[in-house]
Amino acid sequence: MIDQIYSYREMCDIENVQTLQRGMNFRMNHRYSVILMSRRSNAPYSDKILEDSITIEYEGHDAPKTSYEINPKTLDQPKLTRNGTLTQNGKFIESVEKYKKDTSELEKVKVYEKILPGVWSLKGFFDLIDYKINHDGKRNVFIFSLKLSDEQDVETNGHIDLKHTRLISSEIKKEVWQRDKGKCVICGSIKNLHFDHDLPFSKGGTSLTAKNIRLLCAKCNLAKSDKIE
Ligand SMILES: [Zn+2]
């Protein structure tokens, strides 16, 4: 479910891995890739949500740090490793190229974002639609475009209405998490939380301010949807 909140351990368990260290994980399993976003003020990459509010621009990854003298931020982001195999950047690029040549399907990418240490939120399933190379005057940086997919839950085939969906920014999520003290605002539970739109988009709600977003547990969310219908 979009905007569901997980601990780091829960996130690893869902993805069936011991640890999740890398930001980019091409084909983490046979169905999808996984990307971790972090928008902390000191985060090393600048990822953003575009104005359509359903597209993310995700920066590729820098070269690995190999010595203290060379800052990876001064080097072109690599497509190939030293051994000539594809880096994670390279794998994501190849997937876009294959899709454009019509030789493969759009890659499904599951995106998680770090709200605070130990607090992760599922941004949803995205389609990897494109990439570009940005030259910032010093070096080349890859920018990947990920568009929120209308097929959200690949397992249960759940669909969402993109017209009425908007991504909540990490800054707002952080603000809401701190304001609501990491607890359901109705019953105080700290389990199965998600960022809830007080007024659904379909009824005119907006995600632009923290005022319309609150922490809700799964139980209280069910009770709420009963009331609306
Ligand atoms: Zn609750």
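Every number in this text was worked out from the coordinates using simple rules, so none of it is lab data. Small disclaimer: the values here were computed from a predicted structure and weren't measured. Don't worry about glycine lacking a Cβ; one is built from the backbone with ideal geometry, like all the others, and counts go over all protein chains shown.
Local charge sum around residue 8 (other residues, Cβ-Cβ under 13 Å, Lys/Arg +1, Asp/Glu -1)?
Numbers: positive: 9, 114; negative: 10, 13, 15, 113.
Taking every other residue near residue 8 into account, the sum is -2.
Here the scattering of region 97-194 is modelled by Debye summation over its C-alpha atoms, one equal scatterer each and no solvent; at q = 0.21, 0.25 Å⁻¹ the log10 of I(q)/I(0) is -1.18, -1.29. Compute the angle between helix 218-228 and the longest alpha-carbon principal axis of the chain, please, reported from 0 to 90 degrees and rounded to the nearest 10. Between the helix axis and the principal axis of the chain, the angle is about 60 degrees. For the options 25, 212, 16, a Gaussian network treatment of the chain with springs between C-alpha atoms closer than 10 Å singles out 16 as fluctuating the most.
Restricting to Cα atoms and excluding each atom paired with itself, what does the Kirkwood estimate give for region 79-135 in Å? Mind showing how you got there, number by number?
Numbers: mean 1/r = 0.0755 Å⁻¹.
Hydrodynamic radius (Kirkwood, Cα pairs) of region 79-135 is 13.2 Å.
Comparing mean-square fluctuations of 27, 82, 179 from a GNM of the chain with C-alpha springs under 10 Å, the top value falls on 82. If the elastic network links every pair of Cα atoms under 10 Å, which of 143, 49, 186 fluctuates the most in the Gaussian network model of the chain? Result for the chain, Cα springs under 10 Å: 186 fluctuates most. Across region 5-165, Cα-Cα pairs more than 28 Å apart make up 21 percent of the total.
Seen against the Cα atoms of the chain and their longest principal axis, helix 88-100 is set at about 80 degrees.
Each of 197, 164, 159 has some number of other Cβ atoms within 10 Å of its Cβ, and from fewest to most they run 159, 164, 197.
Given contacts defined as C-alpha pairs under 8 Å and at least six residues apart, what's the relative contact order of region 1-124, whole-number percent?
Relative CO of region 1-124 lands at 34 percent.
Let me have the relative contact order for region 61-101, percent, based on Cα pairs under 8 Å that are six or more residues apart. If you can, show how the numbers build up before the last one.
Values: 30 pairs, mean separation 11.9, N = 41.
Worked out over region 61-101, it gives 29 percent.
Model label sites at residue 224 and residue 21, defined 7 Å from Cα along the beta-carbon direction, differ in position by 3.8 nm.
Tell me which cysteines of the chain come out unpaired when the rule is another cysteine's Cβ under 4.7 Å. Result for the chain is 12, 187, 220, no neighbouring Cys Cβ within the cutoff. Between the helical axis of 170-179 and the longest alpha-carbon principal axis of the chain there is an angle of about 40 degrees. Relative to one another, the C-alpha centroids of region 87-143 and region 157-181 are positioned 20 Å apart.
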